[in-house]
There are 2 protein chains.
Amino acid sequence: MSSTATVSSELPAKVDSEALRTLLDGRWASVRADVRAQLGQRRLHPDPDWTTEQHRAYITDLARELAASGHTALGFTSEHGGEDDIGGSVNSISMLAYADLSLMVKAGVQWGLFGGAVQALGTDAHHRKYLPAIMSFELPGCFAMTETGHGSNVAAAETTATYDVAAGEFVVHSPTPSARKDYIGNAARDGRLAVVFAQLITPAGGHGVHALLVPIRDADGRPCPGVTISDCGRKAGLNGVDNGRLVFDSVRVPREALLNKYGDVAPDGTYSSPIENESARFFTMLGTLVRGRISVAGSAASATQSALTIAVRYGQRRRQFEAPGRDGEIVLLDYLSHQRKLLPALAKSYALHFAQEELVRMLHEVQSGGTRDEAAQRELEGLAAGMKAVTTWHATHAIQACREACGGAGYLVENLLPQLKADTDVFTTFEGDNTVLLQLVAKGLLTEYRDHVGDLNTLGMIKFITEQVVDTIAERTAARGLAQRFKDPAPDDAEWHHELLADREEHLLAGLARRLRRAGEPDADAFAVFNAAQDHLLSAASAHVDRWVLDGFTAGLARCDDDGVTALLTRVRALYALSVVEADRGWFLEHGRLTAGQAKAVTATVNELCAELRPYADTLVDGFGIPDAWVDAVILR
Amino acid sequence: MSSTATVSSELPAKVDSEALRTLLDGRWASVRADVRAQLGQRRLHPDPDWTTEQHRAYITDLARELAASGHTALGFTSEHGGEDDIGGSVNSISMLAYADLSLMVKAGVQWGLFGGAVQALGTDAHHRKYLPAIMSFELPGCFAMTETGHGSNVAAAETTATYDVAAGEFVVHSPTPSARKDYIGNAARDGRLAVVFAQLITPAGGHGVHALLVPIRDADGRPCPGVTISDCGRKAGLNGVDNGRLVFDSVRVPREALLNKYGDVAPDGTYSSPIENESARFFTMLGTLVRGRISVAGSAASATQSALTIAVRYGQRRRQFEAPGRDGEIVLLDYLSHQRKLLPALAKSYALHFAQEELVRMLHEVQSGGTRDEAAQRELEGLAAGMKAVTTWHATHAIQACREACGGAGYLVENLLPQLKADTDVFTTFEGDNTVLLQLVAKGLLTEYRDHVGDLNTLGMIKFITEQVVDTIAERTAARGLAQRFKDPAPDDAEWHHELLADREEHLLAGLARRLRRAGEPDADAFAVFNAAQDHLLSAASAHVDRWVLDGFTAGLARCDDDGVTALLTRVRALYALSVVEADRGWFLEHGRLTAGQAKAVTATVNELCAELRPYADTLVDGFGIPDAWVDAVILR
């Protein structure tokens, strides 16, 4: 993707929201249409007075209904009854997130995490044996990775799977209380089989974390011998999903239970793997599971769009306070403060929607291809981590703003915002804690950077120091250059917006590389150096994602063939870009990227764009194409 | 209050958390000790699987228990069995907020809003007749102000109370669907009598909004004739409180039902009031109810402290990821990113705690005094509005950060954070929407400003324009002065911190006055001028509160006689002040108040203060003095 300057035409009085929806539906429009057709007439929201058990039963029934419709096979290989449509499967999950988030998570656990792990980490025998029953939901299962003692740090998992040569079996065991598998979806009530991540041990020693299939309940729903199942109980939200805990007391499973695509154990206990390096193998295995993170990002994006749809529609009906020279009371969305609460968030939702489509396309290409492209896989993993962090934090902040924008009405369950808020709240810390994920992003970028500036030999170092000096000079020049160009803050100067964000990204990364290099010096306290730069690291990662998201918007816009939609979205893109700049204008000022006057002009332009887009707010939320039944807040009736 | 420079001494290895608690308990320590003694041994949190009805019954029982203990009489006049301790009553409510927020709101509705309105707006006959039964909870009541169509804009309430001279009665009526009283606490289940705000109409015409006592249920709990009661249903939180809706169909109440302190109707229908101007009368009546807002601020502050206590304690137990050169995995709170999530929020909670004590002292003086001090009352109302907005937004953001800092565990109800988040979420929009409240603050400041710069006659205008020019010059000088002083960003230079915040406040306000003055020009579109400046207005109000909070911290610190506590809190104050500056460093840079290098130094100093305070994080949360049973999260066991 690269940005191109777009000169926006005049905004027409009316923009076609159907054309907008078609553009947003994108490549997987038919999948999105299918889910709308299947569930779009129904208000799926739970009764708030249900007990936890009633809510879980309701969601399990809905999941069965989904399975019966066949949509749940999208992401699986066609040779076992699937449809080979990985991008479609992510779109399908993201669509469910508009309808009900417990249903989305239940489906995500069964067909994404559990089924996805069997597909990605298992081999043909596993696929033949399990995939049909997984797709049909006859075999509900768990993805048992997280432990009480280790969430983000999966490599440190304590559960063991020790091969017993004589018996030809693995012994799966939880050696400590902190080895307990925790927060596991499908575990408390429905799950029968679990993909358990454990340290694989053979007579030759440990081989790192691998995944095995371990039965946890029999056909009658009773826990299997040696498996202790407990319930995580009530959560802030997502109470239709039965999260639980699993403890294994020397549970024996056959040798074939090992999902053996990336590591196998022969009957005699000999370990083998196509990837020799243990760390590389571990990250390769985790990397195949990237779809889960991408689905969470897509789902968080959907929930945010639902909340914005409700709040924007309410903001155009609700009036409060009279004003001199105006008839009646003022419509909430006519207040600048109200526009500021909702419209930049709406613009960011548009940006993330287009960026998400780019990400899903990448996923689809990488995972549909027969051969493995390491560079593409690494890029995908980094972007998936970054998009997950940025999109879920956007959900947290924007849904909160929507709740507040609806006042007391926003606090009532009948208006749907409380459920959206409570259900999405965990997204920032599950499927990888956002802070940890942004560090992964930054580390990935640093690796690329190191590849670029050379390794640490003397020549490389001299070259690096020289570059550093050049960089400092270049910074002043670049800053002046950027500053000079920005004479008139044209809201539609996409090229300049791209440059601002790209320049920030590069500068933050170069500075970070210099700081972290100190960790390699003799006598350096590597942790102290790293830790002191942690906020810098997180900023660099965010800046990278911000720029990538803007480019994603540009790429989406390039596919648009409706002039009115193009004119409108050009403004929306500018509002996104300038909101990002405004929020971090401290940085742009500190680094000479903007003068004080320019920074003030950015704020003024954001206000102008809010005013310009305000008449199109309804069109923009209509463009999301969310069926009315799913955003049927009582305040909108 | 005024700031003084404090030179901090060395931090001792251990600071006495009991001395810290004594300082924080402040003037109403005995009230706080009483609530701890009464409820501190009990875990009051609701069972998450209760139905709404079960939860409500539980809270009503707890409220009865409170009433039996007599604490609920604190804020009422002694001649009717109260204790004349207004400051004590606010402290008592804020203490309940640590224990359970539904209980706090139920108590706040009964004894603060309902009882408070009878006390403040009624006269002796009302007090004699009702206060004893209100204090004892024999007469549960409602504060029926908000309507479906009008929340923040109370003056536009549509409910009418029309005096019928022949019958000597008022007819209370809801003329439209939007006149329905909405979100009314105690209405759906328990309330028997309601203070109803309605447009008072006599044969001579309308007199604006007044309050009347209207029975809504009989002794058997049946709705009174003409009163239609409905239920708001489930909410995001606070489900122990029975919020409902009231519609009146020509309900007749005797003439004596009018709470007639500020406006009365004689038997012949003649209206009289000690305050002639209708608008002044309305704001005087509302002004007497300021205690509600102050109680919400105090309660939001308490809930935030509970959340921080849980997250900080967990952050010191939980380890994740190994680091080179370190034994075992790193404790979460040793990561800079984790310190950044929690410690500036902790510092702000300290600042708000001390500022809240100042506010309660002001309230106590203003409302305990026999004569009315208009200027003091106005200042109190402005600060109450500002503190309510800033403290409740702090609760929303900080509790969210605490939830995320505890990862998946923070999402489980057993760890208490979900309830704290859900219960406090409405605080930002009830007892006045925060955005509307900050506008009140700014308008109050502008009124003062206008008094200062003179009225709008020619002479005043010339003077104003001259000042404007002087101001511009002064700005450059001041900016240079501030910049020059900041050679070394001494973290303990309280005077400089105060100057930075005071200068920002004054500059924002002066600029705002200039912008809004245009609204008075001939042919100006007053609403457009006002609306274009709305973000400026909100910034000015926030800046005012930020500076006032810092000064409140300084005033609290001046009462400290423990050297270790003083040394510690000097750093905490600096962290608060510099976090505020850092968050708004775009403004300080744009206005030449900080150079780029200084702005970067502020960020570096915030990081250093986080590192310096990190070993004292436990002491700081212990200092809040929250009984263990109230923060008994399972992850801390």
Within 9 Å of chain B (Cβ to nearest Cβ) and touching a Leu at 6+ places or on another chain (Cβ under 9 Å): which single residue out of A:A409, A:A347, A:A385 fits that description? A:A409
(1) closer than 22 Å to B:A541 by Cα; (2) in contact (Cβ under 8 Å) with a residue 60 or more places away in the chain; (3) among the small types (G, A, S) all hold for B:A376 apart from (2)
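Is segment A:285-293 home to any residue that is within 14 Å of another protein chain (Cβ to nearest Cβ) and either assigned to a helix (DSSP H, G or I) or not hydrophobic (A, V, I, L, M, F, W, C) (or both)? Give the steps one after another, and end with the answer.
Taking segment A:285-293 first, the residues within 14 Å of another protein chain (Cβ to nearest Cβ) are none.
No; the residues of segment A:285-293 include none that is within 14 Å of another protein chain (Cβ to nearest Cβ) and either assigned to a helix (DSSP H, G or I) or not hydrophobic (A, V, I, L, M, F, W, C) (or both).
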Requiring at least 3 residues that are within 14 Å of another protein chain (Cβ to nearest Cβ) and either at pLDDT 95 or above or open to solvent by less than 20 Å² (accessible area, probe 1.4 Å) (or both), the helices (runs of 4 or more DSSP H) wholly within segment B:549-637 are B:563-583, B:585-590, B:596-613
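For (1) over 30 Å from B:N239 (Cβ atoms); (2) modelled with pLDDT of 90 or more; (3) within 11 Å of chain A (Cβ to nearest Cβ); (4) open to solvent by 10 Å² or more (accessible area, probe 1.4 Å), each residue gets a yes or a no:
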position: B:Q419; (1), (2), (3), (4): no, yes, yes, yes
position: B:D423; (1), (2), (3), (4): no, yes, yes, no
position: B:F427; (1), (2), (3), (4): no, yes, yes, no
position: B:F430; (1), (2), (3), (4): no, yes, yes, yes
position: B:T447; (1), (2), (3), (4): yes, no, no, yes
position: B:R450; (1), (2), (3), (4): yes, no, no, yes
position: B:I473; (1), (2), (3), (4): yes, no, no, yes
position: B:T477; (1), (2), (3), (4): yes, no, no, yes
Residues in segment A:251-277 that are over 17 Å from A:G206 (Cα atoms) and not aliphatic (A, V, I, L, M): how many? 4
If you take the residues in segment A:523-548 that are more than 13 Å from every other protein chain (Cβ to nearest Cβ) and open to solvent by 10 Å² or more (accessible area, probe 1.4 Å), which one is nearest to B:G325 (Cα to Cα)? A:H544
For segment A:493-515, what are the residues that are within 13 Å of another protein chain (Cβ to nearest Cβ) and open to solvent by 40 Å² or more (accessible area, probe 1.4 Å)? A:R515
Search segment A:30-50 for residues being open to solvent by 70 Å² or more (accessible area, probe 1.4 Å) and polar (S, T, N, Q), and hand back the single one that is farthest from A:F114 (Cα to Cα). A:Q41
Taking segment B:326-342 and the residues there that are within 8 Å of chain A (Cβ to nearest Cβ) and part of a loop (DSSP other than H, G, I, E, B), the one that is surrounded by the most Cβ atoms within 10 Å (Cβ to Cβ) would be B:Y335
Of the conditions (1) crowded, with 24+ Cβ neighbours inside 10 Å; (2) within 10 Å of chain B (Cβ to nearest Cβ), the single one that A:V436 does not satisfy is (1)
Looking only at residues in segment B:299-325 that are without any contact (Cβ under 8 Å) to a residue 40 or more places away in the chain and either in a helix (DSSP H, G or I) or among the small types (G, A, S) (or both), which one is least open to solvent (accessible area, probe 1.4 Å)? B:A323
Out of segment B:40-76, which residues are touching a residue at least 60 places away in the same chain (Cβ under 8 Å) and among the β-branched types (V, I, T)? B:T52, B:I59, B:T60, B:T72
Specify which of the listed residues (B:A345, B:A351) is open to solvent by less than 10 Å² (accessible area, probe 1.4 Å), touching a residue at least 24 places away in the same chain (Cβ under 8 Å) and either of a type in the set (G, A, S) or assigned to a helix (DSSP H, G or I) (or both). B:A351
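So if I check each of A:A29, A:A63, A:A37, which one is at pLDDT 95 or above and under 29 Å from A:G244 (Cα atoms)?
A:A63
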Of the criteria (1) within 29 Å of A:T391 (Cα to Cα); (2) in a loop (DSSP other than H, G, I, E, B), which one A:G370 fails: (1)
Residues of segment B:69-85 satisfying the condition of being open to solvent by less than 20 Å² (accessible area, probe 1.4 Å) and over 22 Å from B:A144 (Cβ atoms): B:A73, B:L74, B:G82
On the given criteria, is A:G287 modelled with pLDDT under 95, of a type in the set (G, A, S) and within 17 Å of the chain's Cα centre (by Cα)? yes
May I ask you to verify whether A:R281 is within 14 Å of chain B (Cβ to nearest Cβ), of a type in the set (D, E, K, R) and surrounded by fewer than 20 Cβ atoms within 10 Å (Cβ to Cβ)? no
Is it fair to say B:V105 is buried (at least 18 other Cβ atoms within 10 Å of the Cβ), closer than 21 Å to B:Q356 by Cβ and hydrophobic (A, V, I, L, M, F, W, C)? yes
Note on A:E53: of the conditions (1) assigned to a helix (DSSP H, G or I); (2) touching a Lys or Arg at 6+ places or on another chain (Cβ under 9 Å); (3) open to solvent by less than 20 Å² (accessible area, probe 1.4 Å); (4) within 14 Å of chain B (Cβ to nearest Cβ), unmet is (3)
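Which of the following residues is more than 24 Å from A:L336 (Cβ to Cβ), within 12 Å of another protein chain (Cβ to nearest Cβ) and open to solvent by 40 Å² or more (accessible area, probe 1.4 Å): B:E414, B:E404, B:E379?
Just one listed residue meets the conditions, B:E414.
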Within segment B:277-306, residues in contact with a strand residue (DSSP E or B) (Cβ under 9 Å, 6 or more places away or on another chain), over 30 Å from B:K348 (Cβ atoms) and among the hydrophobic types (A, V, I, L, M, F, W, C) come out as B:F282, B:M285
Answer yes or no: is there a residue in segment A:134-145 that is among the hydrophobic types (A, V, I, L, M, F, W, C), modelled with pLDDT of 95 or more and part of a helix (DSSP H, G or I). yes
What are the residues in segment B:139-169 that are of a type in the set (D, E) and in contact with a helix residue (DSSP H, G or I) (Cβ under 8 Å, 6 or more places away or on another chain), if any? B:E147, B:E158, B:E169
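The values are calculated or read from the model by the stated rules, or taken from the named source; none is laboratory data. None of these values were measured; they are calculated from a predicted model. Note: ideal-geometry Cβ built from the backbone for every residue, glycine included; neighbour counts use all protein chains shown. Note: areas computed on protein heavy atoms with side chains; ligands, DNA, RNA excluded. Shrake-Rupley method; radii C 1.70, N 1.55, O 1.52, S 1.80 Å.
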